[in-house]
Structures are given as C-alpha cells and as structure tokens.
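What follows is a short report on a single structure.
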Amino acid sequence: MIHVKGLTYTYPGGNQPVLKKISFNISRGEIFGFLGPSGAGKSTTQKVLIGLLKGYKGTVEVDGHNMSGIKRAFYEKIGVVFEFPNLYLKLTALENLKLFGSFFHSPTRDAEQLLEMVNLHEDRDTRVEAFSKGMKMRLNFVRAILNTPEVLFLDEPTAGLDPGNARIMKDIILDLQKSGVTVFLTTHNMADAGELCNRLAFMVEGTLPVIDTTRNLRLEHGRKVVRVDYLDNQIQNSGEFDLKDLSSNTRFQDILRNNEILTIHTLEASLEDIFIKVTGQNLLQQ
C-alpha cells in the first residue's frame, strides 16, 4: 500500500535534511507505527506521504500513486488526523461534518452515526468553539473517516483524551484495520503503539535505525525471566527465575506449592526501554 525508498527531504532554506534516505514498505491492512521524539521527522514524513510537501528526493508511492504527481482523486481515498484539530470553530459539530463531506465526490458516511461512535451525538448542535480539546480531537477523527478511506494517517490520535475516550478511539482504529484499512500512525506514545501497531519504525534525527514487529522487539530486548511476588508467613517476598528449565527449578516449584501467589509475570522490556536502548534517545526529549 505504501512504498518509500531513499526518501530525503530538506525544508526550503534549511542546511541539513530533515529526512535522510529513509526506506520502508507498508502492506494493505497493516497498522504501521512511526515512533520518535518531537523533531525526529515523523510529521514531516507524513506530510510527504499525503502530498503536502514536495521537492523531496527518492521514491514515494501510496496506493499506486506516485506522490510526485498526485491528482485530486488521491484525496478521495485517504483520511488524515493531524495532531492539532483543523475544524471550523463557528460551526456546530454536525455542520462541520456535513461541510467536509460535501468536499468529496464519492458518498460519505452518515455524520450523526459517526458522532454517536465517539460520544458526541448529544453535542452535535454545539459550536466547536465551545468544545474541549478532547472533544475536538474526537470530532477531528471522525471527520477523517467520513469518506471511508483506504489509507488513514494518524498523528497522535489519542492526545488530550481521557482513558475512556482513548479506548473508544483505539477500538475504532482496530475495527478499521479489520475492514482492510491501512493505518500510518505517528506518535511518541508507546502504550498506543504497542497495543495498535503490527510493526514499528523507530525514527531518530531523520533516520530509521529499527523497523520490526512489536513481538520481535520485546523478545529480542526483554529479559528471559519470570518474577513471582508471593506471601510467605504473611510477609511479602519476590523471586526471579530464568525461563530456561523453569519447569525443573525446585525453588520456583516450592513457591508455587507452598505460598500464596500475588503476581507472576515475565519481565518484558517496555517499548520505551527498547527505544532508549537501541537509539540512545528518550522519546520525550525535545
């Protein structure tokens, strides 16, 4: 669905490229995560992929369209959620969706049903200027899926959302994937990336040093250890045991047989720990 080879981009007037010969491919129906700190080049990459930035070097194709010469029909097939909502503040939520829907030649989804999906139906006749940031984010999201896009570009889609509404948004994204939609997700939120993405690309200073599945990254960089927290004579204790030959580890077996187990889990590395380990940078650094 998306093919990028040797992409290099320098902003007009800039001395150094923001993107440095990056290459990646994204399959149809895949959720592909672009992770990195602010300023790493994530949003620049997205802007090239949706045709907002020209003058790049390399090859960039989206759904068979060469981005160096895209036509208007390309925008009938994609949806874009920018980090900062782009809405008409003087219009109501429903008026916004109807206006944006009128820009498409192809039929669009029912606006009121979309508002219902993200718990905004009761606010459909409220002007967007009165919305909180989270409400604007949810409205901005359903605006992007009005045209039933084949490719959805998301930039920090859960920023400013409470856990309940973030859960709703993530469930919608996963449902879209099941229907065959390809999702390009840029974020520094490792929790979202770990839950949603099939594969991850770590972006650092305009390069992609790592592209792999979440599972492979955790297996490669995690500790192959089981930690057990348990009560021994009403005193809380813990132990760590190598996964190798765990079934024959007598101390581990004794703890399981003779004590109340509080928790037991493998010590997988977090994606943020992995990112710092392989790139030497913190996701939140500016």
Summing -39500 (n - 2.57) over every DSSP H run of at least 4 residues in the chain and dividing by its residue count gives a helix-only mean residue ellipticity at 222 nm, to the nearest 500 deg cm²/dmol, of -8500 deg cm²/dmol
For the range 112-216 (alpha-carbon point model, no solvent) the Debye-based log₁₀ I(q)/I(0) at q = 0.10, 0.14, 0.20 Å⁻¹ works out to -0.31, -0.59, -1.09
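Antiparallel DSSP bridges in the chain: what percent, to the nearest 5?
Working: 32 of 50 bridges.
Here the share of antiparallel DSSP bridges comes out near 65 percent.
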Ordering 237-244, 139-146, 26-33 by per-residue average of other C-beta atoms within 10 angstrom, highest first, gives 139-146, 26-33, 237-244
Rounded to one decimal in nm, the spacing of the 7 Å Cα→Cβ label points at Lys98 and Thr263 is 5.1 nm
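What number in nm² do you get for the chain if you take the convex hull of its Cα atoms and divide its surface by four? Display every interim value, and only then the final one.
Numbers: hull surface 77.0 nm².
So the mean shadow area of the Cα hull is 19.3 nm².
Any chance you could list the semi-axes, whole Å, largest first, of the equivalent ellipsoid that the Cα gyration tensor gives for the range 31-82, using √(5λ)? Working shown, then result.
Values: eigenvalues 79, 37, 19 Å².
Semi-axes from the Cα gyration tensor: 20, 14, 10 Å.
Which value does Rg/Rh take for the range 1-87 over its C-alpha atoms, Rh per Kirkwood? Present the calculation step by step, with values, prior to reporting the outcome.
Working: Rg = 13.0 Å, Rh = 13.8 Å.
Rounded to two decimals, Rg/Rh equals 0.94.
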With a 1.4 angstrom probe the carbon and sulfur portion of accessible area for the chain, in percent, totals 49 percent
Debye calc, one equal point scatterer per Cα of the range 83-159, no solvent, log10 I(q)/I(0) at q = 0.11, 0.18, 0.20 1/Å comes to -0.24, -0.66, -0.82
Rounded to one decimal in nm, the spacing of the 7 Å Cα→Cβ label points at Arg28 and Val225 is 4.6 nm
Pseudo-spin-label distance Leu91 to Ala191, built 7 Å along Cα→Cβ, given in nm, is 3.3 nm
Along principal axes, largest first, the alpha-carbon spread of the range 57-116 in whole Å comes out as 42, 26, 18
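From Cα pairs below 8 angstrom and at least 6 apart in sequence, can you work out the relative contact order of the chain, rounded to a whole percent? Provide the component values of the computation, followed by the final result.
Numbers: 518 pairs, mean separation 62.8, N = 286.
It comes to 22 percent, rounded to a whole number.
Report the antiparallel proportion of the DSSP beta bridges in the range 106-263 as a percent, rounded to a multiple of 5.
Numbers: 16 of 21 bridges.
Roughly 75 percent of the DSSP beta bridges within the range 106-263 come out antiparallel.
Please give me the summed charge of the neighbours of Thr213: other residues whose Cβ is under 12 Å from its Cβ, Lys and Arg +1, Asp and Glu -1. Before the final figure, lay out the partial values.
Working: positive: Arg199, Arg215, Arg218; negative: Glu30, Asp212, Glu220.
Once all neighbours under 12 Å are counted, the net charge is 0.
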Over the range 134-286, the quotient of the Cα radius of gyration and 2.2 N^0.38 Å is 1.37
Taking r as the C-beta separation of Glu112 and Asp63 and R0 as 30 Å, the FRET efficiency to the nearest 0.05 is 0.55
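Could you do me a favour and compute the accessible area per residue for the range 145-266, 1.4 Å probe, result in Å²? Intermediate values should be presented prior to the final figure.
Working: 6080 Å² over 122 residues.
Ligands and nucleic acids excluded, the result is 50 Å² per residue.
What is the sum of charges, Lys and Arg at +1 and Asp and Glu at -1, for the other residues whose Cβ falls under 14 Å from the Cβ of Phe153? Each step should come with its number before you reach the end.
Details: positive: Lys42, Lys47, Lys77, Arg143; negative: Glu30, Asp63, Glu83, Glu150, Asp155, Glu156.
Local net charge: -2.
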For the range 200-258, using Cα atoms only, the Rg and Dmax in Å read 18.1, 55
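Subtracting the Cα-Cα distance from 0.36 nm times the residue separation, let me have the gained length for Lys244 to Glu122 in nm, one decimal. Spell out each step's value before the answer.
Numbers: separation 122, 0.36 × 122 = 43.92 nm, distance 5.56 nm.
Stretched out fully, the Lys244 to Glu122 stretch lengthens by 38.4 nm.
The values are calculated or read from the model by the stated rules, or taken from the named source; none is laboratory data. As the structure is a computational prediction, the values presented were derived from the model and not from experiment. Cβ atoms come from the backbone with ideal geometry, glycine included; neighbour counts cover every protein chain shown. Surface accessibility is based on the protein's heavy atoms, side chains included, excluding ligands, DNA and RNA. Shrake-Rupley method; radii C 1.70, N 1.55, O 1.52, S 1.80 Å.
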